[in-house]
Structure formats: structure tokens, C-alpha cells
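Chemist: I have a structure here, written as C-alpha cells, and I will follow up with some questions on it.
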Amino acid sequence: MRCVGDEDRSTQGSRRRALTRAIRADADVTVDLSELSFADPSLMLDLAMLARRLRARGRSLLLCGAQPQIRTLIQMVGLHKLPGIELQGSARALA
């Protein structure tokens, strides 16, 4: 799954299809955040919900490539501390 540009409450509806596919995944899910420039807590809540549903199916969620401002948001809301979520290096570290 890939998040690009700005993600906020107004784009929540357009995320639903991707989230539904991710929930049904037969393997761990990777979310590429390298092209995400802005996000609000609604995206973090959606990712937390996704991780919870994946965890119930024995899967995990890998967040990778987060820009510094996105990494800060992830850490502020504590998303990276939830079971089944792994936060990998920043976009610069992955490039």
C-alpha cells in the first residue's frame, strides 16, 4: 500500500478500498510513506485499525519511508508502539 501527497479526513473515503484490500491480505502489509507529505490523525487511526485487523489474522503492518514530519506524527500518536506495527527508516535512509 502506498500513501502519496496529503492524507487527512477529507481523503478518508478514498482510502477505504486500499484498506479493505490490505485487511484481506494473505501476508504482512507494507505501507510506503515515502511520498506522503502531510497526514492528520485520521490516517493514523486508519493504520491502527488496519494493524489490529491484520494482527487478528496473524499478520503485521510495516511502515516504511516516513518523512520526518510523518515520523513525528506517528511517534506523537504512539502508532509505532502498537503490537503488530513496525516503523522502518526514514525516506532518506531507504533511498
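Values quoted throughout were computed directly from the atomic coordinates according to the rules given, and no laboratory measurement underlies them. None of the values given here were measured: they were computed from a predicted structure. Cβ placement follows ideal geometry from the backbone for every residue including glycine, while neighbour counts extend to all protein chains displayed.
Chemist: For Arg16, all conditions in the list (1) within 21 Å of Thr72 (Cβ to Cβ); (2) surrounded by fewer than 15 Cβ atoms within 10 Å (Cβ to Cβ) hold save one; what is the number of the exception?
Modeler: (1)
Chemist: Can you find a residue in region 25-36 that is closer than 12 Å to Met1 by Cβ, β-branched (Val, Ile, Thr) and in contact with a helix residue (DSSP H, G or I) (Cβ under 9 Å, 6 or more places away or on another chain)?
Modeler: yes
Chemist: I'm checking my understanding of the structure. Among residues of region 20-41 that are surrounded by fewer than 18 Cβ atoms within 10 Å (Cβ to Cβ) and in contact with an Asp or Glu (Cβ under 6 Å, 6 or more places away or on another chain), which one is nearest to Gln69 (Cα to Cα)?
Modeler: That would be Phe38.
Chemist: Same structure again: Hey, among Arg15, Arg9, Arg57, which residue is touching a helix residue (DSSP H, G or I) at 6+ places or on another chain (Cβ under 9 Å) and closer than 16 Å to Gly84 by Cβ? Talk me through it step by step, then tell me what you get.
Modeler: Values: Arg15 fails: closer than 16 Å to Gly84 by Cβ; Arg9 fails: closer than 16 Å to Gly84 by Cβ.
Only one candidate qualifies: Arg57.
Chemist: Could you check Ser37 against (1) hydroxyl-bearing (Ser, Thr, Tyr); (2) in a strand (DSSP E or B); (3) free of Cβ contacts under 8 Å to residues at least 24 places away in the same chain and say which number it fails?
Modeler: With (1) hydroxyl-bearing (Ser, Thr, Tyr); (2) in a strand (DSSP E or B); (3) free of Cβ contacts under 8 Å to residues at least 24 places away in the same chain applied to Ser37, the lone miss is (3).
Condition check ((1) outside any helix (DSSP H, G or I); (2) without any contact (Cβ under 8 Å) to a residue 40 or more places away in the chain; (3) crowded, with 17+ Cβ neighbours inside 10 Å; (4) basic (Lys, Arg)) across all residues:
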residue: Ala51; (1), (2), (3), (4): no, yes, yes, no
residue: Arg59; (1), (2), (3), (4): yes, yes, yes, yes
residue: Leu63; (1), (2), (3), (4): yes, yes, yes, no
residue: Gln69; (1), (2), (3), (4): no, yes, no, no
residue: Ile74; (1), (2), (3), (4): no, yes, yes, no
residue: His80; (1), (2), (3), (4): no, yes, no, no
residue: Pro83; (1), (2), (3), (4): yes, yes, no, no
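Chemist: Checking the structure you have, find out if any residue of region 9-31 is within 20 Å of Gly89 (Cβ to Cβ), under 13 Å from the mean Cα position of the chain (by Cα) and either aromatic (Phe, Trp, Tyr) or part of a helix (DSSP H, G or I) (or both). Step through it out loud before you land on a result.
Modeler: Taking region 9-31 as the starting set, the residues that turn out to be within 20 Å of Gly89 (Cβ to Cβ) are 28-31.
Applying the additional criterion that residues be under 13 Å from the mean Cα position of the chain (by Cα) yields 28-31.
Next cut, either aromatic (Phe, Trp, Tyr) or part of a helix (DSSP H, G or I) (or both) only: none.
Checking region 9-31: not a single residue is within 20 Å of Gly89 (Cβ to Cβ), under 13 Å from the mean Cα position of the chain (by Cα) and either aromatic (Phe, Trp, Tyr) or part of a helix (DSSP H, G or I) (or both).
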